[in-house]
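Worksheet: one structure, shown below.
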Amino acid sequence: MSLIHKTAAELGALVASGEVSAVEVATAHLDRIEATEPKLHAFLHVDREVTLSQAREVDSRIASGEQLGPLAGVPIAHKDIFATRDMPTTAASKILEGWRPPYDATVTARLRAAGLVILGKTNLDEFAMGSSTENSAYGVTRNPWDLSRIPGGSSGGSSAAVSGYQAPLSTGTDTGGSIRQPAAVTGIVGMKPTYGGSSRYGLIAFASSLDTPGPFARNVHDAALLHEAFSGYDPMDSTSIDAPVPSVVAAAQAGDISGMRVGIVREFAGDGYQPGVIARFNDAVKMLESLGAEIVEVSCPSFDTALPAYYLIAPSECSSNLARFDAMRYGLRVGDDGTHSAEEVMALTRAAGFGPEVKRRIMLGTYALSSGYYDAYYGQAQKVRTLIARDFEAAFGQVDVLISPTTPTTAFPIGERADDPMAMYLADLCTIPSNLAGNAAISIPCGLADEDNLPVGLQIMAPVLGDDRCYRVGAVLEKAFEARWGGPLLKEAPAL
Amino acid sequence: MSVIAFDKALERFEPVLGLETHVELGTASKMFCGCATGFGAEPNTQVCPTCLAFPGSLPVANEAAIEATIRIGLALNCSIAEWCRFARKNYFYPDMPKNYQISQYDEPLCFDGYLDVEVGGQTYRVEIERVHLEEDTGKSTHVGGATGRIHGADYSIVDYNRAGIPLVEIVTKPITGTGAMAPEVARAYGVELREIMRSLGVSDVRMDQGSMRFDVNVSLNEPGAPWGTRTETKNVNSFRSVERSVRGEIERQAFLLTSGEKIIQETRHFHEDTGTTTSGRSKEEAQDYRYFPDPDLVPIAPDPTWVATLRDTLPELPSVKRKRLQSEWSVSDHDMESMYNAGAIDLVEATIAAGAPAADARKWWMGELARRANESGTALADLPITPGDVARVSELVASGSLNDKLARAALEGILAGEGSADEVIAKRGLQIADEGELLAIIDQVLADNTDAAEKVRSGKVAAVGALVGAVMKASRGKADAGRAREIILEKLS
Amino acid sequence: MSAITRDEVAHLAKLSRLALTDDELGHFATQLDVIIGSVAKVAEIAAEDVPPSSHALPLTNVFRADEVRQSLTPQQALSGAPAVEDDRFRVPRILGEEA
């Protein structure tokens, strides 16, 4: 089996044992990227030399006897929303074209410290605003299962890279589902850790109270390894939790869920759910039951208002977070020809540098925070947030984890919802509550929808700091599914 | 601009004041990042991703700044919030890297306090609405155009060293009932606030460096009528200007009101050179700041035991201390007020602590040194002389080794940077003449001034002054004039 | 009745410092009207006694010690600047006054 088909754990072991070098592993993946990028466009930036020099450094660190973690020498695709000293960081926006930060994000620094080799920066919806990667200023990324379809978003470059065997691992950020939904529609594993469990320092902010970095992988155990490598307390992030990371790798190896209570959220069903998605979800429920879990139906009535609350809170925060892109200190500057004032240059630059979805959300957030509207919109949305957290609290009083489809449909065709924001927003229906409440949630593949043969994701939600439960249930289910399917769902990316 | 004389204005209108004071805290590092805060550093050398608002950077609050703000609140008799948040104040400006300022909105750290100030023997209670914490902006230099001002400039260049320095904002409630004393009360409030900041050690309160600055709100109303429309004069940077801006605004508004015009709610700018204000941004086009709780920072919930400890360890406040010192020094209200206005109290206190008698310490600081400070246009505290130096000079006078004139020469030498009191005395040879030298000089003077000597002998004692003067002249000031007088009278009796 | 008018969108664009064309204004007005009409659902929730949550988790009192850390060099600070003069960020002439 070629290097690109191996798991991250296997690659780490091969490098650690000296059977292959980090440079060989990186080269194999860089070659795969070169061969498949014309079809996928998962990356915004790849620099073979920068990557190989990282790999050489890892090889020499290993040779000098340095004890690196289990992922040393494993390549990774890094979402282009994390600051990287040695590569441009653009958030897929024209306004940051070519910007090179003079610092690394905490996640970036921890990847390097653990000996991971960064293959390049992956595509995303501009400033992580979107569910399809169509909002990138640098072109759409395609789904390796069907090149005419979206790879999910906003972390669509990262999901496509892992699903397309360009990288065994990738990073993402999840604000309303931006890791779980792309993982679901590309047939891979994607985890949103507990908010504050992974550092936001150096992550270009979309909505500060929701943004959460997390891992993508082709299996649950690899995701856990990556999760452990970059998460944990960071004094540079005030909202970071000063508590030990739950031992997610151990949880992914636990292998038993008998006696666990699993809740089905009654509100996540009905109109808008594709039949094939519901069918696979029901299979997963039966599978959990056969594995010894107790299935309980729970009601979370406030989840019905999660979507509107999210589309007030996230745009409100983004309208303020994106104010810094003003053409004064970095990034694009338009209209500085001596005839325009600073104020005009700011407005011209922002008009030219931001795409339509970003502008929509900035104006929506500005509206929601305006005097006269604040209480009815932003203030009320914050109350809904409290109600959603209470619903979760009540539910987790009854059950250990909650499950739902990750997203109501399989990957939709590119262009289908591009200028219909409300339709696009529905993709995050099931994932948003966990962002608002800050709890942990994972998406794992649970089969293909009958009507289109495209992957369906199962979302497993756990309480705040209960990240280990997501991995425990996810790994057991994954094993059972693979036994039924005769191997991983993603044996080979179909369209490549 | 047309105004009405101050006295006339006060005959018809009652002023209502409001003061917003910004104080830069003297923390080692900035409010939300680890950059240094020193004044006058090379441009953009005290900046980092956070205070430049680079994408992805995040703020972490400086505990020392929170503590200093709570201490200020306690010193101003405020309640301390049990739980409060930072809020973002959103508006675009090139000085402000994030295009929002991290501040506090409806949840200030400290609220509902007061500060008593004395003016002309009367106490005015200024109620404090709130004390909150925020961050300073960068500094723009406007290039091109004639004036260096913002208008007419071709472009600007920005240094962000100041961006993110912790700034405490102290806001009064409307101050009423001050009448014609309004300008003095405003000034006295500012001075007392500075004294408190100094005693707390939370800021260097250098008004010339902008580490303490005032926004002054003024409105007028006829007695019994509701309050009038107020104007806000921004960035008033000296106590004198606070006083002048209140006075000027009262006169300007009184003219408009008596001419039947309306006061526009607006921001005005104070000009140090003319002492007048000009119109700035009208509040009608006021910004909608869209305040909301900053999601990057978590709420502050000061531990009550921590607050209690801070309360218990507050230093003696300036007004209390002044009362104590006044009684210890046995000085009049008037003398105490003079010392206070001259900024001499701490200096006198330190000089006494260094061994000088209270009366002598006061005499030197309020006399010779005040004169010299006045001449050179510096504050007393900024003279290059220590209370220890003054105490030493005072001691030498008391022991008789210096007379007043020599003492003044010693002070002059110290101020000129010639060294400590003893070094200056040694270098300049400042030593009073001994008894033998003095007798010889007196004999010579009596021989040279027989007429005057004869007058004294014949009972015209007043004539001795001329002889003592001649002795002082002959000794080049080193004689003890009192002793010389005694000896002369003795010889001529 | 529409939730938001074209004029209001123009005002929002001004507050947000976005120089939008007339076409964009019209397009965004239509879309924002639909979105606001939909998110307005939150206003119907009876939540009078519910405290608002500004944060995902109830952390408090996260501070750093007052210690100076290494700053960037001016070269690093200015490395991405569109225009530089005398180690300062050069910006076009500023019209408005400081708030």
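Projected onto planes of every orientation and averaged, the convex hull of the alpha-carbon atoms in segment C:15-99 covers 12.3 nm².
Modelled spin-label separation between residue A:480 and residue B:206, with each label point placed 7 Å from Cα along the Cα-to-Cβ direction: 7.1 nm. In units of the compact-protein estimate 2.2 N^0.38 Å, segment A:272-318 shows a Cα radius of gyration of 1.68. Divided by 2.2 N^0.38 Å, where N counts the residues, the Cα radius of gyration of segment A:361-487 comes to 1.29. Taken residue by residue and averaged, Cβ atoms of other chains lying within 10 Å of the Cβ of B:132-138 number 1. How much of the pair distance distribution for segment A:321-395 lies past 22 Å, counting alpha-carbon pairs only, in percent? Cα-Cα pairs in segment A:321-395 separated by more than 22 Å: 46 percent. Residue order for A:339, A:90, fewest other beta carbons within 10 angstrom first, comes to A:339, A:90. Once the Cβ-Cβ distance of residue A:282 and residue A:39 is raised to the sixth power relative to R0 = 30 Å, the FRET efficiency obtained is 0.35. Translational diffusion coefficient, Stokes-Einstein: compute it for segment A:423-483 using the Kirkwood radius over C-alpha pairs as Rh, at 25 °C and 0.890 mPa s, and state it as an integer in µm² s⁻¹. So the translational diffusion coefficient is about 192 µm²/s. Report the Stokes-Einstein translational diffusion coefficient (µm² s⁻¹, integer) for the protein assembly as shown, Rh taken as the Kirkwood radius over Cα pairs, at 10 °C with viscosity 1.306 mPa s. Once the numbers are plugged in, D ends up at 48 µm²/s. With contributions of -39500 (n - 2.57) from each DSSP H run of at least four residues, the per-residue ellipticity at 222 nm computed over chain A stands at -12000 deg cm²/dmol. Counting, for every residue in A:301-307, the Cβ atoms of other protein chains within 10 Å of its Cβ and taking the mean gives 2.
To the nearest ten degrees, helix C:6-15 and the longest principal axis of the Cα atoms of chain C are 20 degrees apart. Entry note, chain B: relative contact order of 14 percent, from Cα contacts under 8 Å with a spacing of 6+ residues. Model label points for residue B:6 and residue B:330, set 7 angstrom from Cα along the Cα-to-Cβ axis, are 3.8 nm apart. For a straight C-alpha distance cut-off of 24 angstrom, the lysines reachable from residue A:39 (same-chain residues fewer than eight places away being disregarded) are A:6, A:79, A:94, A:121, A:491. Projected label points at residue A:290 and residue C:70, each 7 Å from Cα along the beta carbon direction, are separated by 5.8 nanometres. The relative contact order of chain C, computed from alpha carbon pairs under 8 Å that lie at least 6 residues apart in sequence, is 18 percent.
For chain A, build the charge dipole from Cβ charges (+1 Lys, Arg; -1 Asp, Glu) around the Cα centre, then report which of A:113, A:303, A:136 sits farthest towards its positive end. Of the options given, the answer is A:113.
Listed by chain and number, the lysines whose alpha-carbon sits under 16 Å from that of residue A:286, ignoring those within fewer than 8 places in the same chain, are A:479. In loop segments of segment B:102-181 as defined by DSSP, the trypsin sites (Lys or Arg not before Pro) with at most 10 further C-beta atoms inside 10 Å of their C-beta are B:149. Measuring from each cysteine beta-carbon in chain B, the ones with no other cysteine beta-carbon under 4.7 angstrom are B:33, B:35, B:48, B:51, B:84. Here chain B yields Rg over Rh of 1.09, to two decimals, using C-alpha coordinates and the Kirkwood radius. Taking every residue in A:312-322 and counting other chain Cβ atoms within 10 Å of its Cβ, the average works out to 5.
Charges were assigned to the Cβ only: +1 to each Lys and Arg, -1 to each Asp and Glu. The resulting dipole of segment A:282-357 about its Cα centre is roughly 300 debye. Averaging the sequence gap over all C-alpha pairs within less than 8 Å and six or more residues apart, then dividing by the number of residues, gives chain A a relative contact order of 18 percent. Over all Cα atoms in segment A:267-364, the spread is summed up by Rg and Dmax: 23.2, 72 Å.
Start at zero, step by 10 Å, and the Cα-Cα distances of segment A:377-419 spread as 21, 26, 30, 22, 1 percent across the bins.
Of the trypsin sites (Lys or Arg not before Pro) found in segment A:405-496, the ones in coil according to DSSP and having at most 15 other Cβ atoms within 10 Å of their Cβ are A:491. A simple charge model with +1 on the Cβ of Lys and Arg, -1 on the Cβ of Asp and Glu and nothing else charged puts the dipole of chain B at about 720 debye relative to its Cα centre.
Counted by neighbouring Cβ atoms within 10 Å, the residues A:99, B:365, B:227 run from fewest to most as B:227, A:99, B:365. Computed as a quarter of the hull surface, the mean projected area of the alpha carbon convex hull for segment B:435-491 stands at 3.2 nm².
Fewest-first ordering of A:265, B:464 by other beta carbons within 10 Å of each residue's beta carbon gives B:464, A:265.
Read the figures in this text as sums done on the coordinates, not as results from a lab. Predicted model, so just to flag it, every value in this text is computed and none were measured. Positions of Cβ are backbone-derived with ideal geometry, glycine not excepted, and every protein chain shown enters the neighbour counts.
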